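Everything below concerns the one structure shown next.
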2 protein chains.
Amino acid sequence: MGVMTRHEIDPATLAPGGVYKLVNACVVPRAIAWVSSRSADGVDNLAPHSYFTVVSVDPPMIAFTSVGWKDSAANIDATGEFVVNMAAGGFEDDINATSTDFPAGISEFDAVGIEREPSRRVIPPRVAQSPVALECRKVDITPIGNCHLVIGEVLHVAIDEATSEPDPVTQRHPRPDAIHPLARLGRNEWAHFGTTFDLKRVPYRKWLEKQSSRGE
Amino acid sequence: MGVMTRHEIDPATLAPGGVYKLVNACVVPRAIAWVSSRSADGVDNLAPHSYFTVVSVDPPMIAFTSVGWKDSAANIDATGEFVVNMAAGGFEDDINATSTDFPAGISEFDAVGIEREPSRRVIPPRVAQSPVALECRKVDITPIGNCHLVIGEVLHVAIDEATSEPDPVTQRHPRPDAIHPLARLGRNEWAHFGTTFDLKRVPYRKWLEKQSSRGE
């Protein structure tokens, strides 16, 4: 392939906030954790967080980055519990509406009109119409740079039967082609879901066999 | 909307590893960091990591989870540097091939046939054909559960001119509709990129104005 023409960007040459917007546009597509939490005063918060990933296999832990100290982080710090609801296709307007900077006393569930569903293991409610809910207990809230990483252990998983299939290992496997999970990109950009394909990891032993059969 | 039929999964009822596979299938779609690093012995490693996100805005920091203590984590621990190359559409077979468990002395660049490009601020090379490279310096490697979170500060960004556009804030904005960034799902599933759309966050003040005009 030909040589690429590169634009080389030294973050120090950008205006304040520029490097963040640049990095934000380079870490894509990002899964969206639609996080429900309850304040110590009993107000149910719901907010999207797209800096979200898995941080431990055993015990199973997920984490999201709180940019600034927002209601989600404050509630989870105070009460120790939250739910990650999956951001399914079709919910983009609702999810975006819950990113409005409502005052702490207003519940996004009520302001936006999102139906609650009781959780099994934690106090904060699930989003009734979200196909997957991960009920989590706070493990830690770790400051990193000027943000906080909110880490939770997954205590319980609830999955919609209509958009999942039986699985011998996990009981139910959520079907991305039925859920169309949304993703965030840079700027105000979001991604609709594309198509899926399967690729198996190739063990080194098999790779060697393939190489030697090529050489014959 | 109607009431959903939920499958309720208590992780304790799953076989070992089951809850991990379940959570893995629920945190989707996941951006892929195609991480290059160099060992203390000078061997260039390249491996995909799909537990990857932004962890700080200022200074700009990204992180990926090392499941087990793999070559990437060991190299970054030893040398303090790495590059995150964007996983662009069309590279799926190359990316998957670099996930083969080659012995530490074999470079995935050479074994798979990936072209190197020199970095500007760090020793590990970039992937020459990847449209975005984030050159990073190790900030910390933090144990979480049975994994390690590898945290790096972004020192320099290199962007392909052909698949990006001028931007007043970031100099260049990578165009997802030209790059088609790949994503990982559960099992051996990967996602091709879909379409994009724009949604602006609604400030509370505007939300109030809209509500009051509705009420009139």
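Here is the P(r) of region A:100-170: all C-alpha pair distances, binned every 5 Å from 0, give 3, 13, 16, 17, 22, 17, 7, 4, 1 in whole percents.
Just to confirm a number: summing +1 for Lys and Arg and -1 for Asp and Glu over residues other than A:G152 whose beta-carbon lies under 13 angstrom from that of A:G152, what do you get? Working shown, then result.
Values: positive: A:R121, A:R137, A:K138; negative: A:D77, A:E81, A:E135, A:D140, A:E153.
Local net charge: -2.
Residues of region B:170-188 falling in the label zone of A:E8, defined by backbone nitrogen less than 15 Å from a point 7 Å along Cα to beta-carbon, are absent.
Kyte-Doolittle cut-off -1.0, length cut-off 20 Å along the helix's own axis using Cα: show which whole DSSP H helices in chain A pass.
Numbers: long enough: none.
For chain A, where a helix must reach 20 Å along its axis and average at least -1.0, there are no hits.
Plainly put, the tip 7 Å out from Cα toward Cβ on B:D77 is 3.1 nm from that tip on each other copy, the closest given first.
Rounded to the nearest 500, the helix-only mean residue ellipticity at 222 nm of the protein assembly as shown stands at -5500 deg cm²/dmol, with each DSSP H run of n ≥ 4 adding -39,500 (n - 2.57). Structural size metrics of region A:142-216, computed from C-alpha coordinates, are Rg and Dmax of 20.1, 57 Å. Taking a Cβ cut-off of under 14 Å around B:G89, the surrounding Lys, Arg, Asp and Glu residues balance to a net charge of -3, with basic ones at +1 and acidic ones at -1.
Peptide A:174-185 has a mean of 5 when you count, residue by residue, the C-beta atoms of other protein chains within 10 Å of its C-beta. For the pair B:S213 and B:N146 in one chain, pulling the backbone fully straight at 0.36 nm per residue adds 18.8 nm over the alpha carbon distance.
A straight line joining the Cα centroids of region A:1-52 and region B:15-52 runs 19 Å.
Shown for A:A12: label points 7 Å from Cα along the beta-carbon vector, and their distances to the equivalent points in the other copies, 5.6 nm in ascending order. Extending 7 Å from the Cα toward the beta-carbon at both B:R205 and A:K200 defines two label points whose distance is 5.9 nm. Pairwise alpha-carbon distances in region A:1-52 exceed 15 Å for 68% of all pairs. With a Cα cut-off of under 29 Å and a minimum spacing of 8 residues unless on different chains, the lysine pairs in the protein assembly as shown number 25. Each listed q (0.09, 0.12 Å⁻¹) maps to a log10 I(q)/I(0) for region A:11-215, found by the Debye formula over equal Cα scatterers with no solvent: -0.40, -0.67.
Please arrange A:W69, B:W190, A:W207 by how many other C-beta atoms lie within 10 Å of their C-beta, fewest to most.
Fewest to most other Cβ atoms nearby, the residues stand as A:W69, A:W207, B:W190.
Taking every C-alpha pair closer than 8 Å and separated by at least 6 residues, the mean separation divided by the residue count of chain B gives a relative contact order of 21 percent.
Each principal axis of region B:1-116 carries a Cα extent, and these read 57, 37, 30 Å when sorted largest first. Each Lys and Arg contributes +1 and each Asp and Glu -1, all at the Cβ; summed about the Cα centre of region A:11-215, the dipole is approximately 1120 debye. Within the listed set A:A74, A:A97, A:A162, the residue fluctuating most in the Gaussian network model of chain A (springs between alpha-carbon atoms under 10 angstrom) is A:A162.
The mean of 1/r over all distinct Cα pairs in the protein assembly as shown, once inverted, gives the Kirkwood hydrodynamic radius of 22.0 Å. For region A:50-95, with equal point scatterers placed on the C-alpha atoms only and solvent neglected, what are the log10 I(q)/I(0) values from the Debye formula at q = 0.20, 0.26 1/Å, to two decimals? Debye curve over Cα of region A:50-95, log10 I(q)/I(0) at q = 0.20, 0.26 Å⁻¹: -0.86, -1.14. Spatially, region A:147-185 and region B:80-104 are offset by 25 Å when compared through their Cα centroids. Pairwise Cα distances in region A:131-186 exceed 17 Å in 57 percent of cases. Converting phi to 3J(HN,Hα) with the Karplus coefficients 6.51, -1.76 and 1.60 and the offset θ = phi - 60°, region B:109-117 yields 4, 6, 4, 8, x, 9, 7, 8, 9 Hz in sequence order, with x at every glycine or proline.
Look at B:F52, B:F109 and count the other Cβ atoms within 10 Å of each Cβ; fewest to most, that gives B:F109, B:F52. A cut-off under 11 angstrom between Cβ atoms defines the neighbours of A:S37, and their net charge, with Lys, Arg +1 and Asp, Glu -1, is -2.
Mean per-residue shielding of peptide B:85-96 is 1, counting Cβ atoms of other chains within 10 Å of each Cβ.
The fraction of Cα-Cα pairs per 5 angstrom bin, counted from 0 for region B:75-132, comes to 4, 17, 25, 29, 18, 6, 0 percent, rounded to whole percents.
FRET efficiency for the A:A78 to A:N188 pair, using the beta carbon distance and R₀ = 25 Å, is estimated at 0.20.
Readers should treat all values here as calculations from the given coordinates under stated rules, not as data from a laboratory. Remember, it's a predicted structure, so these values are computed and weren't measured experimentally. Quick reminder, even Gly has a Cβ in these numbers, built from the backbone with ideal geometry, and neighbours come from all protein chains shown.
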